[in-house]
Every structure is written in C-alpha cells, then in structure tokens.
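**Student:** Here it is, the structure, as structure tokens.
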Amino acid sequence: MTYPDMLDYSSSGGYAPLRRAVADYLRVFRSVPLDVDQVIITSGTQQSLELCAQMLADHGDTVWLEDPAYWGAVKAFMATGLHLHPVPVDQHGMAPSAADEAAPPRVIYTTPSHQYPTGAVMSLQRRQQLLALAATHNAWVLEDDYDSEFRFSGPPLSSLAGLDRDERVLYLGSFSKVLYPGLKLGYLVVPKRLVGAFKQAHYDLNRPGQMPLQAALAEFIELGHFASALRRARQSYAQRRQALLEALTPCLIDAKAQITGAEQGLHLCLRLPNGVDDRALADTLAQQGILVRPLSAYCLQRTDSRGLIIGYGYATLEDIQRYGPEMAKMVCAELRKFPV
Ligand SMILES: Cc1ncc(COP(=O)(O)O)c(C=O)c1O
C-alpha cells in the first residue's frame with residue numbers, strides 16, 4: 001500500500017497485514033477456518049453489530065438475543081428497527097424453548113464464550129443445538145466473542161464459528177478489552193458468500209479509514225509486542241480477579257449469593273436473592289466510590305435475575321484490595337435481611 005493510499009478511505013476491508021494477523025490469530029486460538037478475505041476491520045463490535053443488523057435483516061424482522069442482554073447489541077438492533085425477542089439465559093448460555101420458536105429469528109445474537117452479563121459459558125451441546133435451530137429457521141448467527149483472550153480456568157472453548165458447517169455464523173471480535181476501548185478497532189469475519197456485499201456496505205455506510213492506526217497495530221502484533229502485552233495483561237487481571245474472589249468470599253456463606261462467570265473475561269456476576277433491590281444496592285455502593293452494575297438493569301423481560309456485575313478491568317489491584325472487603329461488608333448486610 002502506498003503512502004497516499006494510507007491517507008484515503010479503505011475500500012478493501014482494512015489494512016491487509018492487520019487482517020492477516022487477525023486471521024492467523026483466529027485460526028490458531030479460536031479454531032475458526034477462514035481466508036484473510038473474510039476479515040473486515042471495523043471501529044469495534046458496535047459498528048460490526050450495526051453493519052450486521054443493516055445487512056442481514058429488514059426493518060421488523062426478529063432478532064433473538066439473550067436475556068439479560070448486552071446493552072450495545074440492544075441499542076444497535078433497536079436503532080435498525082428490528083423486533084427484539086429475548087431468550088432466557090441459564091447456566092449453559094442462551095436457552096431457546098419451543099415457545100421462542102413461535103417467533104422465528106432472522107438473526108440470533110449471542111455471547112457464547114462468556115455471556116454478557118451473567119458470565120455463563122455455553123455448553124457444547126447448547127452450541128450444537130443453537131446452530132441446528134439457526135439452520136431450521138435459516139437464520140444468521142452473530143457470535144460476539146468480546147473477551148475470550150482472558151480465560152483463567154476450565155478447558156479451552158471452541159467458537160461457534162469453528163463449529164459452523166453451513167456458513168451462517170458471523171464472528172465479531174474487538175481490541176477494546178484486549179488493548180483498550182479508545183483504540184476503536186475490532187473485526188468482523190463474514191461467510192465467503194457475504195464478503196463482497198459486506199465490504200461494499202462497510203465502505204458506503206461507514207467510510208472506514210484509520211489506516212495509519214491499523215498499520216501501527218499490525219506492526220505491534222508482527223513484532224511480538226501484542227503477545228507480550230497480552231501475557232502481562234493476563235497476569236495482571238488474574239491477580240485482580242483472585243483478589244476480588246477473596247474479597248467476595250464472605251458473601252457466599254449460607255449460599256444466598258453465588259458467583260458466576262469468574263472463569264473468563266474481565267467481570268464476574270455476584271448473583272443475589274430475588275428480593276434484593278440490586279439497583280438500590282449499586283447506588284449505595286456508588287456513594288462509597290464503588291462502581292458496579294445491577295444485573296436487573298440488563299434484563300429485557302425476565303424478573304428473576306438480581307445481582308451485581310463487577311468489573312475488574314478498570315480497577316487496580318490496590319483498589320480491589322482496599323474497596324473489595326468494604327463492598328463485601330455492604331452486600332453481606334443486605335443478605336442478612338433474607339432467610340437462609
Ligand atoms: C458484550 C460486549 N461485546 C463487545 C464489547 C466491545 O465493544 P466495542 O468493540 O464496540 O468497544 C463489549 C465491551 O464492553 C462487550 O461488553
């Protein structure tokens with residue numbers, strides 16, 4: 001690519017060496033069989049979601065999404081005029097039932113590696129069922145794999161895209177967690193039959209660019225700096241996660257609360273009894289400078305999910321050691337109001 005081309009909009013799906021680096025990574029670590037041509041660099045998952053919603057469905061078509069759900073996906077689908085059909089999540093991930101099939105999907109959006117926000121990991125059986133259901137309804141599947149780089153325990157997970165045999169899974173990745181959100185770079189892997197249409201639409205709708213930034217990131221990866229940054233980040237997050245788990249231990253006595261989703265990612269979910277007003281509890285914690293999110297705020301339809309979503313991406317180890325026990329004390333005080 002010549003110097004003036006670097007300054008122009010990108011019509012090719014992004015800077016080729018970056019697309020190559022992403023493809024190499026996904027082949028090895030996520031078992032996604034793909035050609036470089038299928039990788040489109042976007043300004044992050046949000047843009048990938050918007051593009052998918054615009055390209056794969058018409059106004060009023062039904063999208064199945066997890067309940068509780070990632071707010072970014074909710075906003076993207078609402079803005080595109082799709083009909084949102086919430087599908088409950090259990091401990092094995094998104095769990096569609098016969099009742100859901102009465103609202104056949106055009107698109108299914110899911111976060112199988114680490115359901116956002118509950119942290120549930122989708123079982124292999126559930127992954128296969130979901131792909132079979134998608135085939136029955138001729139639906140597209142959007143796999144948002146936003147934090148699979150950070151897996152602290154449990155066996156490695158295969159991606160849905162790696163299991164897909166009939167080219168209906170679109171894989172969405174982001175550098176927001178693995179590097180930082182302000183970088184605003186992510187990627188979308190589309191089935192071969194969609195490559196031309198998606199690249200054209202990305203160019204027409206988004207006028208993609210940032211080629212010097214993409215080139216810098218490609219070089220960062222090629223020179224091995226990304227791998228060492230990832231190693232350091234994994235170590236640092238593992239320490240923070242451990243400190244958080246230790247701080248929360250007192251909340252687990254009597255089994256009134258449970259931790260879910262701690263084996264992966266940069267957040268966990270502290271599940272609380274159904275009677276807890278998790279929004280009020282989050283507000284009280286915020287007054288002490290402890291920022292967590294109430295699980296019920298992510299629910300679309302269900303009323304049986306209470307808890308706190310606690311992230312450790314932004315908090316330092318010292319913050320967690322200092323504020324973690326204080327948070328646990330306040331949660332325990334709330335739990336004492338409920339019978340064992
Ligand atoms: C479920 C989920 N998907 C994707 C992302 C990353 O989004 P983006 O690449 O738009 O920053 C996040 C970030 O918080 C997330 O929670």
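The values are calculated or read from the model by the stated rules, or taken from the named source; none is laboratory data. Bear in mind that the values here come from a model prediction, so they are computed numbers and not experimental data. We place every Cβ from the backbone using ideal geometry, glycine too, and count neighbours over all the protein chains shown. Surface areas here come from the heavy atoms of the whole protein model, side chains and all, with no ligands, DNA or RNA. Shrake-Rupley method; radii C 1.70, N 1.55, O 1.52, S 1.80 Å.
**Student:** Once Rh for the chain is found with the Kirkwood sum over Cα pairs, what is the Stokes-Einstein diffusion coefficient at 20 °C and 1.002 mPa s, in µm²/s?
**Tutor:** 102 µm²/s
**Student:** Here's another thing I want to ask about it. For a quick check of understanding: with a 1.4 angstrom probe and all protein chains in place, what accessible area in square angstrom does residue 111 have, to the nearest ten?
**Tutor:** 0 Å²
**Student:** Right, next: What does the extension gain come out to for residue 207 and residue 301, with contour length at 0.36 nm per residue minus their alpha carbon separation?
**Tutor:** 30.2 nm
**Student:** Tell me which of 260, 104, 176 sits at the most positive position along the dipole axis of the chain, charges placed on C-beta atoms (Lys, Arg +1; Asp, Glu -1).
**Tutor:** 260
**Student:** Multiply the residue gap between residue 253 and residue 91 by 0.36 nm, knock off their C-alpha separation, and tell me the result in nm, one decimal place.
**Tutor:** Value of the extension gain: 56.2 nm.
**Student:** Something else now. With a ≥ b ≥ c the root eigenvalues of the C-alpha gyration tensor of region 73-145, is it rounded (a/c under 1.5), prolate (a/b larger than b/c) or oblate?
**Tutor:** In terms of gyration-tensor shape, oblate.
**Student:** Let me ask something else about it. Hey, what does the equivalent ellipsoid look like for region 1-153, semi-axes from the Cα gyration tensor as sqrt of 5 times each eigenvalue, largest first, whole Å?
**Tutor:** Each semi-axis is the square root of five times an eigenvalue, giving 29, 20, 14 Å.
**Student:** Hey, another quick one. For the chain, take the longest principal axis of its alpha carbons; what is the angle in degrees between that and the long axis of helix 16-29, to the nearest 10 within 0 to 90?
**Tutor:** Between the helix axis and the principal axis of the chain, the angle is about 50 degrees.
**Student:** Let me ask you something else. How high is the FRET efficiency from residue 200 to residue 123, r the C-beta distance, R0 45 Å, rounded to 0.05?
**Tutor:** Approximately 0.75, to the nearest 0.05.
**Student:** What's the FRET efficiency of residue 216 with residue 316 using the Cβ-Cβ distance as r and R₀ = 25 Å, to the nearest 0.05?
**Tutor:** Result of the calculation: an efficiency of 0.40.
**Student:** Give the residues of region 190-211 whose amide nitrogen is closer than 16 Å to a point set 7 Å from the Cα of residue 8 in the direction of its Cβ.
**Tutor:** Only 200, 203-204, 207-211 pass the distance filter.
**Student:** So if R0 is 22 Å, what FRET efficiency would residue 333 and residue 291 give, r being the distance between their Cβ atoms, rounded to the nearest 0.05?
**Tutor:** Rounded to the nearest 0.05, the efficiency is 0.70.
**Student:** For region 54-108, what value does the Rg/Rh ratio take when both radii are computed over Cα atoms and Rh is the Kirkwood radius, given to two decimals?
**Tutor:** Expressed as Rg/Rh, it is 0.96.
**Student:** In whole percent, what relative contact order does region 1-112 give with Cα contacts below 8 Å and a gap of six or more residues?
**Tutor:** 22 percent
**Student:** Could you compute the net charge surrounding residue 12? Neighbours are other residues with a C-beta less than 11 Å from the C-beta of residue 12; K and R count +1, D and E count -1.
**Tutor:** Result for the local shell: -1.
**Student:** A further question on this structure: Loop only by DSSP, 14 or fewer other Cβ within 10 Å of the Cβ. Give me the chymotrypsin sites (Phe, Trp or Tyr not before Pro) in region 1-93 that pass, ordered by residue number.
**Tutor:** Sparse-neighbourhood loop chymotrypsin sites (Phe, Trp or Tyr not before Pro): 9.
**Student:** Return the Rg/Rh value of region 182-340, two decimal places, where both radii are evaluated on C-alpha atoms and Rh is the Kirkwood radius.
**Tutor:** Computed over Cα atoms, the ratio is 1.11.
**Student:** If you plug each phi of region 77-86 into the Karplus form 6.51 cos²θ - 1.76 cosθ + 1.60 with θ = phi - 60°, what whole-Hz ³J(HN,Hα) values come out, in order, with x for Gly and Pro?
**Tutor:** 6, 5, 5, 8, x, 7, 8, 7, 10, x
**Student:** Still on this structure, please answer the following. Give me, ordered by chain and number, the residues 5 or more places off residue 142 or on other chains with an amide H under 5 Å from its own placed amide H.
**Tutor:** Correct list: 108, 109, 110, 170.
**Student:** Against the 2.2 N^0.38 Å scaling, with N counting residues, where does region 93-224 land? I'd like the Cα-based Rg ratio to two decimal places.
**Tutor:** That ratio works out to 1.18.
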